[in-house]
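Visitor: I am attaching a structure below and will ask some questions about it afterwards.
The values are calculated or read from the model by the stated rules, or taken from the named source; none is laboratory data. Quantities reported herein were computed from a predicted structural model and do not represent experimental measurements. Quick reminder, even Gly has a Cβ in these numbers, built from the backbone with ideal geometry, and neighbours come from all protein chains shown. Surface areas here come from the heavy atoms of the whole protein model, side chains and all, with no ligands, DNA or RNA. Shrake-Rupley method; radii C 1.70, N 1.55, O 1.52, S 1.80 Å.
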Amino acid sequence: MSDPALLLLAQQQQLVEGPQLLVADENLCESPLSLLQRAELTIVTNRYDLQQRAQAEGFNCLFNDFALDTFAEGSFNQVLFRVAKEKPVAHHIINQARRLLPDNGTLCIAGAKSDGIKTYTEKAGRYFGDLHKAEKHGNYYLAILRKLTTDSSPLDDQDYAQLRPCIDVDGLKLYSKPGQFGWNKIDQGSALLAEHLPHFLQRFTTAPATILDLGCGYGYLSAMASRLSSTTIVATDNNAAAILACQQNFAALTIAGKVIAGDCGDTVAEKFDAVICNPPFHQGFGTDNKLTSRFVASCRQHLKPGGKGLFVVNRFVPLEQCADDQGMLVENLAENRSFKLLTLTLHKRC
């Protein structure tokens, strides 16, 4: 679904000359970038799929974990920012925007009231020395703030750029950071999958030599799988923060394998004996069968003949139907009040 905030940002882009920066996250993944002017615009996104689409449409677009410190001070006349879902991310970008703007350069932020746009406008206004309220445009708000002299301290971004060992697994510390879903905890669905992972691996006649962690996050499932066997693991995710954290955990735990950025495994060429996956389905995405089908299709594509997949999903997700539509056998391995754990088997004839 297109995000109305992008139209507000695009209109403001046309009013300013010179180099501009658009900071984009998942909110803009399905929005029409054609609303924007390509000339003198740089896009930075933490979503691999958005970067690929932007580059295909002729935009200068970088994929990273909002590493805006790579740009020199005063690089842009205007920074365009659709408010992020996570507070540390929003604070980090507002802090960096002030450094990237020259005196009287503008920060343009947009979002819905439920996104906290009014609060972010107030905080950014104090830091920029330009107190203006966000203006209402339908159900969305737009704020334009100039960089003026200020003695205010930067916003608290929880040391956003730094990885930190913050996930405790039986005394083992896994690294993570803000900027990804559930960054500082073990997801309940992943915990259910990890609990039954030994039973899943025992179902193979020959222990799987290769495993794909599809939608790996900071790498919890890869870490759990590595403790059970000496298998080679490839982990992939669409989110730049997840890639950084997972790479750090692979290095810290000496996991044999690699971490690859990609959109639902589209950059992974190999096929695997097993696929493990806790796809990004949460309450509110229950009717998004297209996304469910994409993950099932990726599992099917990346399994060797006779291979098996292990998925954990919310109970409302119709993964069984998606798998059946693609000719895969489905078995319910376990469930609780919130999640179901399913095995997907690829026929040897496929």
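Visitor: Among the numbered conditions (1) within 21 Å of Ala90 (Cβ to Cβ); (2) out of contact with any Pro (no Cβ under 9 Å at 6 or more places or on another chain); (3) in a helix (DSSP H, G or I); (4) at pLDDT 95 or above, tell me where Val44 comes up short.
Guide: The single condition Val44 does not satisfy is (3).
Visitor: Just checking, does segment 173-193 include any residue being of a type in the set (Lys, Arg), open to solvent by less than 60 Å² (accessible area, probe 1.4 Å) and modelled with pLDDT of 95 or more?
Guide: Checked segment 173-193: at least one residue is of a type in the set (Lys, Arg), open to solvent by less than 60 Å² (accessible area, probe 1.4 Å) and modelled with pLDDT of 95 or more.
Visitor: What's the number of the only condition in (1) over 23 Å from Leu15 (Cα atoms); (2) out of contact with any helix residue (DSSP H, G or I) (no Cβ under 9 Å at 6 or more places or on another chain) that Glu135 fails to meet?
Guide: The number of the failed condition is (1).
Visitor: Here's another thing I want to ask about it. Which ones in segment 117-151 are farther than 28 Å from Pro4 by Cα and either of a type in the set (A, V, I, L, M) or surrounded by 13 or more Cβ atoms within 10 Å (Cβ to Cβ) (or both)?
Guide: Across segment 117-151, the qualifying residues are Leu148, Thr150.
Quick grid of which residues meet (1) within 15 Å of the chain's Cα centre (by Cα); (2) within 22 Å of Gln12 (Cβ to Cβ); (3) open to solvent by less than 10 Å² (accessible area, probe 1.4 Å):
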residue: Asn64; (1), (2), (3): yes, no, no
residue: Gly74; (1), (2), (3): no, yes, no
residue: Phe81; (1), (2), (3): no, yes, yes
residue: Lys85; (1), (2), (3): yes, yes, no
residue: Ile94; (1), (2), (3): no, yes, yes
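Visitor: When you scan segment 198-293 for strands (runs of 3 or more DSSP E) that lie fully inside it, which ones turn up with 2 or more residues that are of a type in the set (Phe, Trp, Tyr) and open to solvent by less than 60 Å² (accessible area, probe 1.4 Å)?
Guide: none
Visitor: Next question. Which one is least open to solvent (accessible area, probe 1.4 Å) among residues in segment 294-315 that are among the basic types (Lys, Arg) and within 19 Å of Leu212 (Cα to Cα)?
Guide: Filtering first and then ranking leaves Lys308.
Visitor: Now, a different point. Filtering segment 1-49 down to residues that are of a type in the set (Gly, Ala, Ser) and open to solvent by 20 Å² or more (accessible area, probe 1.4 Å), which residue is farthest from the chain's Cα centre (by Cα)? Break it down into steps so the answer makes sense when it comes.
Guide: Kept after step one, since they are of a type in the set (Gly, Ala, Ser), are these residues of segment 1-49: 2, 5, 10, 18, 24, 31, 34, 39.
Okay, now just the ones that are also open to solvent by 20 Å² or more (accessible area, probe 1.4 Å), so 2, 34, 39.
Numbers: Ser2: 18, Ser34: 23, Ala39: 27 Å.
Checking each candidate, the answer is Ala39.
Visitor: Go through segment 187-243 and give me each residue that's among the β-branched types (Val, Ile, Thr) and more than 20 Å from Leu303 (Cα to Cα).
Guide: Let us first name the residues in segment 187-243 that are among the β-branched types (Val, Ile, Thr), namely 205-206, 210-211, 231-234, 236, 243.
Residue satisfying the conditions is Ile243 alone.
Visitor: Scan segment 50-62 residue by residue and report those that are in a helix (DSSP H, G or I) and open to solvent by 40 Å² or more (accessible area, probe 1.4 Å).
Guide: Residues of segment 50-62 in a helix (DSSP H, G or I): 50-56.
Correct list: Gln52, Arg53, Gln55, Ala56.
Visitor: Run Leu101 past the list (1) without any contact (Cβ under 8 Å) to a residue 60 or more places away in the chain; (2) within 20 Å of Asp130 (Cα to Cα); (3) surrounded by fewer than 21 Cβ atoms within 10 Å (Cβ to Cβ) and report the number of the one that doesn't hold.
Guide: (3)
Visitor: Looking at (1) part of a loop (DSSP other than H, G, I, E, B); (2) under 24 Å from Pro279 (Cα atoms); (3) charged (D, E, K, R), which is the only condition Lys173 fails?
Guide: Tallying (1) part of a loop (DSSP other than H, G, I, E, B); (2) under 24 Å from Pro279 (Cα atoms); (3) charged (D, E, K, R), Lys173 fails exactly one: (1).
Visitor: Quick one: count up the residues across segment 316-342 that are open to solvent by less than 30 Å² (accessible area, probe 1.4 Å) and farther than 22 Å from Lys304 by Cβ.
Guide: Selection size over segment 316-342: 4.
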